[in-house]
Structure formats: C-alpha cells, structure tokens
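K.L.:
Handing you a structure now.
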Amino acid sequence: MGNSIFAKALKARIMAFSLVLITFLSGCEKEVLDINTTSDVNMLGYFEKNAEQFSSLVKILEKTEVAGFLAAYGSYTLFAPTNEAIDIFLKEKGATSVDQLETDELKRIIRLHLLEDTIPTSSFTDGKLPKITMLGQYVITGAELENGVSRTRVNRQANVITANIRVGNGIIHTIDRVLQPASKTVAQMLESNPEYSIFTAALKATGLFNQLNTSTSGTWYTVLAQKNSVYRSMNINSFEDLKAKYSHTGNPADKSDSLYLNMAYRILNDSKYLADLVTAPSHVTLAPQEVITSKLIGEQILINEDVFNGVLEEGALVDRRASDNTATNGVLHDVTENYQIKKRNPVRVYFDLADQPEIRILPAFRRLGAPLVRFPVGSFKDIHFEGSNNPTITYQPGSAGNSDGYAFGDYLEVRMSANVARLVEFTTPTIVKGRYRVWVAYRTIGRSAPLQVYFNNQVLPRTIDMTQFYPGGNERELLAQGIKRYIADSPGNTMARLAGTITVETTGRHKIKFMGLTNDIGVHRIDMIQFIPEDQDQLYPKVARDGTLVQE
C-alpha cells in the first residue's frame, strides 16, 4: 500500500514537471524556468537554507530520491526530524552516518513522515490525522504535559518543536525524534506485552491469534483488548480460569464455543482508530451477526453504552492513552472493563421521527402551540435528505386543539417527491436482530407522492400512499390488509400502513429510506415508524397522544 501511494505521487510530480518543461521549450521567448508555484522557497530549499538544523534530513531525502519532488510543485505535510533527532536515530541503529543505512529502510522512514496534503496543527486531534502517510500508516497526535509544558506528541515517539512552517509546497512541522514505522502485527503487539498474557492465550486457544498475525495487503483488524487487571477484577487469574468461565464446549477453537465468540466479539474488520469508532454508532465484529456500539460522551469513549427499552446499560470505558496503537495489519485499543455479547430477543421499536437531537434542544420541542421550525439540508446528524428546489424538513409541534392524533403531539413535514426531496433517510434507534414488520405512521393528506420504502437499501414490497384515508371497519380484518390505527385516543386522520417484513441481521442502528415516486406537489406528514417482531401483536399496544402505551 505504501509503495503504491509513493509511486503514484512521484509519477504525478514527474508528469507535472514534464508539462512545465514542454511549455517552456515551445515558448517564443527565453525565460528562466521556475517550477515552484510561488516565489516562496519549497521544502527542499528550506532545508538546504537551514542546513545547521536539517543537513542530515537533506541527505536522507537525496538518498531516497524524495528530494526531487519536494523541490517541485505540490501540497505536502512533512514531519521533519532535526539533525539532533537523526543523530539519536543513527546511534540507536549502531551507525554514524546516513550512508550506512539501507536505502529501503530510509524510504520507509521518510514515507512515514510525509503526507500528500497540507495539515496545520489546527487540524490535529487527540488521535489520527485525517490523511494517511505515504507509507500507508496513519500518524496520531495528542497534547501531553512534559515538565509542566504542553507539547504536541506525534505517534507517542516525538515532540513537535516548531509547527506550521509554511513553504511554497506545503507545511513543515519539525520534530525532536525520528518516527519509527509499525513493525509488529496486532498479535505480536499483544504477545510482547505481559499485561495482555491472558487475552493473548485466549486468542491462541481460539485460533484467532494466527488470523491477527498475518499482514496480507488489504486485510486489517481492530482489536479491543483487556489487560490482566480487568480479568483479575472478575476473579479470573489465568487463561484456565477464563476457559472454565466461558468455554461451554471445552474446545475454544470451536467457532460455536462461547469463549471463541467472546474473543471474536473484541475484533473488528478494518483498521478503526478511535476517531473512526466514534463517527459510527455500531461496528460489525468477527462474532457472526454481532456488533458493538460506541459513543463519545464528553471526552470518554464507551463501548456498548446503550439505552434499551428505556433503561441505560452502562458501557465499557476505552483507555484513550493506551489506545490507537498502530500495527502492520491494524490497530490495537485498550478497554478498561469487561463487556460481553448482549443476547436479546427481538423487541418492538416505536421510532418517533421527530425525536432528533437537533429538535430536542428547541424550546418548541413537544410544546403544543409552539411555532414550526424548518431545517435545510445538512441540519441533522441522523437524517439525510437531498433533492432540488431547496428541500426542507419542518418540525411541527402541533396544537392543543388539533383533531389529528400524533405521538407526543408533533410530527415532521416534508415534501418527498422526485423533484423536491428526492430521498429522505433516517438512522434508526437500536433494533435487535430478528424478523420485524415495518409500519409507517402518518397523517392522511389530499395530495402527496407515493413513497417507496427501503431498509438498509433493500426495497420493501409495499409502497405507501399517504392520500388514502382509514377505511373504517373491523380492526383485526383491516390489520390483515396492512392497515391500522396506531393512536389510541382521538386519532383523527392519522393511521399506519404496512411497508413489509424485514430481517434485521445484526443488532444495532440501521437505515430506513423513503423515495418519492412522482412529482406531486403535496407534502407528507409523517409521525413514526414501528418495527414490531412478526410473532407479536401488530395492533397493541397503541400509542396515546402523550406518548404512553395503551394495552388492549
């Protein structure tokens, strides 16, 4: 991966140089060729002008043939080790000069320091940088106190001495140590740390250690490991204790064994740093059809901190200081508490679409008679909508005298049609894996486009036509036709229609999407989506206007 990134970048710079050269040769007048984008000195020129600090770095750049394109046009960020930093590196290698080191090793070193983008310290976070290095490994940064002074730490190996030196082709950050590329697999990192001896023994017994010990191109893993101290807090003092507690077959290598599943549940496909974990609500694990959830609360990252059926389930805290450890085949994190696969039966979910974080903070939230609020595209974290003619989603708090019944009195209004809000996609609350019937609850309106419904991009069989009124008649007979009243008290013109039956493969949050099928000018007033296990009563409990559940 690193070689291909580096080769492509070098090829692109050579092509750019060639084009400039051709233009120069074909011109009518002789003039000095300047391949810089500005009159400012570029990176190589800066290092050459400051040889007292960077002469050793220039030698490395020349030996690795990187000097050429760092003297030319481009947009780079370079973490530049000083002469003193390189002297320390050479001493560690038992060498006295750059010439004594292998060129291939130096190429790997310099590629780790170089990113093909301009990244000032204002873009640094407590975690990985937004762009990958030319080696194909990420750099992580963070603020640390050293002798009472706050410093920016890079890969937990070097301190930034001088930051944000702007030159013609990018930004330089000088550092006091040479950054070392990751050289161990995730498995080797765990094995080399005695604090993870129980965890490592369990990986070996299950066979997962071998899987984590390969560095196949394009295959990456994330491991959320527990130290021996976590196991000791559970009265588990050895691998034998762990096996006795979790291995129900006595053979941890059996993929149906509880210990195997327990360990697989701590491994994710792909390389996910903490910044990646907190940007998605759930992540698929190597345990079949099982996911973990992740949340950022303040500065804490918590695994499996969930609200289920209105009850808070406390999560396991990630040790940020001991996490984001780059391996050759992924990344290693440390979790300070034990967590387990959550075995649950399918349970109904009444998804109130107006209950969004951005709406909850409004003074108008669930306050009858409050003014409506319109939200443009990009306003919501968990609602994506797009289209033409400036589509909006309107929050309607409702009114005390409204003859139509909505859960909590409020609803969302949006014109979903092929030429306005072409699609509207919601991220659901957590849904336990299983089979569910999906009901769309709305207020009937005279004109609106019929809607196609998708669950995780799979089309559901029934379109939803919100112009159709509740026909009246026997509730159970209408239920069999995919029609029901979902509001218990004074429903008015609200009703729900069946969109189809789905199989939820993994417990977690999912996507449900609506697409307008025509260009009709009417709007849609949509209240909630109900996910009801197919073997449970589809009619009761109903929802009262105040949000309480009403049994039959």
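Here, each number is a calculation from the coordinates, and none is a lab measurement. Just so it is clear, the model here is predicted, and its values are computed rather than measured. In this analysis, Cβ positions are derived from the backbone assuming ideal geometry, glycine residues included, and neighbour counts consider all displayed protein chains.
K.L.:
In whole Hz, with x marking every Gly and Pro, tabulate ³J(HN,Hα) for the range 299-308 from phi via Karplus 6.51 cos²θ - 1.76 cosθ + 1.60, θ = phi - 60°.
P.N.:
Karplus-based 3J(HN,Hα) across the range 299-308 equals 9, 9, 9, 10, 9, 6, 8, 10, 9, 10 Hz.
K.L.:
FRET efficiency for R367 and K245, Cβ-Cβ distance as r, R0 = 56 Å, nearest 0.05?
P.N.:
Numbers: r = 51 Å, r/R0 = 0.91.
My answer for the efficiency is 0.65.
K.L.:
How far is the Cα center of the range 201-264 from the Cα center of the range 294-343, in Å?
P.N.:
17
K.L.:
Multiply the residue separation of S97 and V149 by 0.36 nm, subtract the distance between their alpha-carbon atoms, and state the gained length in nm to one decimal.
P.N.:
Values: separation 52, 0.36 × 52 = 18.72 nm, distance 3.26 nm.
Difference between extended and current length: 15.5 nm.
K.L.:
Based solely on its DSSP helices, what 222 nm [θ] is calculated for the chain when runs of n ≥ 4 H residues each add -39,500 (n - 2.57) and the sum is averaged over all residues, nearest 500 deg cm²/dmol? Walk me through the intermediate numbers first.
P.N.:
Values: 15 runs with 123 residues, N = 552.
It comes out at -6000 deg cm²/dmol, rounded to the nearest 500.
K.L.:
Something else: Starting with the highest mean, order 208-214, 465-471, 95-101, 136-142 by the number of other Cβ atoms within 10 Å, averaged over the residues of each peptide. Each step should come with its number before you reach the end.
P.N.:
Working: 208-214: 17.6, 465-471: 14.1, 95-101: 12.3, 136-142: 21.4.
Those peptides, ordered most packed to least, come out 136-142, 208-214, 465-471, 95-101.
K.L.:
Just to check, using Stokes-Einstein with a Kirkwood Rh over alpha carbon pairs, what's the diffusion coefficient of the chain at 37 °C and 0.692 mPa s in µm²/s?
P.N.:
Values: Rh = 27.7 Å.
Here the translational diffusion coefficient equals 118 µm²/s.
K.L.:
Pop a pseudo-label 7 angstrom from the Cα along the beta-carbon direction at both T279 and V311 and give the gap in nm to one decimal.
P.N.:
Using points 7 Å along Cα→Cβ, the separation is 3.5 nm.
K.L.:
Testing the spin-label approximation: label points 7 Å from Cα along Cα→Cβ at N269 and N493. State their distance in nm.
P.N.:
Modelled inter-label distance: 4.8 nm.
K.L.:
How about the range 411-497: which GluC sites (Glu not before Pro) there lie in a loop by DSSP and see at most 16 other Cβ atoms within 10 Å? List each step's numbers first, then the result.
P.N.:
Values: sites: E413, E425, E475, E477; in loops: none.
When the GluC sites (Glu not before Pro) of the range 411-497 are filtered for loop state and at most 16 Cβ neighbours within 10 Å, nothing remains.
K.L.:
Over the range 186-334, what number does the Rg to Rh ratio reach, with both radii from the alpha-carbon atoms and Rh per Kirkwood? Show your work: numbers first, answer last.
P.N.:
Details: Rg = 15.0 Å, Rh = 15.8 Å.
On the Cα set of the range 186-334, Rg over Rh gives 0.95.
K.L.:
What FRET efficiency comes out for N237 versus Q340 if R0 is 22 angstrom and r is the Cβ-Cβ distance? Round to the nearest 0.05. Numbers along the way, then the final one.
P.N.:
Details: r = 19 Å, r/R0 = 0.86.
Between N237 and Q340 the formula returns 0.70.
K.L.:
Between the range 473-552 and the range 365-426, how many Å separate their Cα centres?
P.N.:
For the range 473-552 versus the range 365-426, the Cα centre distance is 17 Å.
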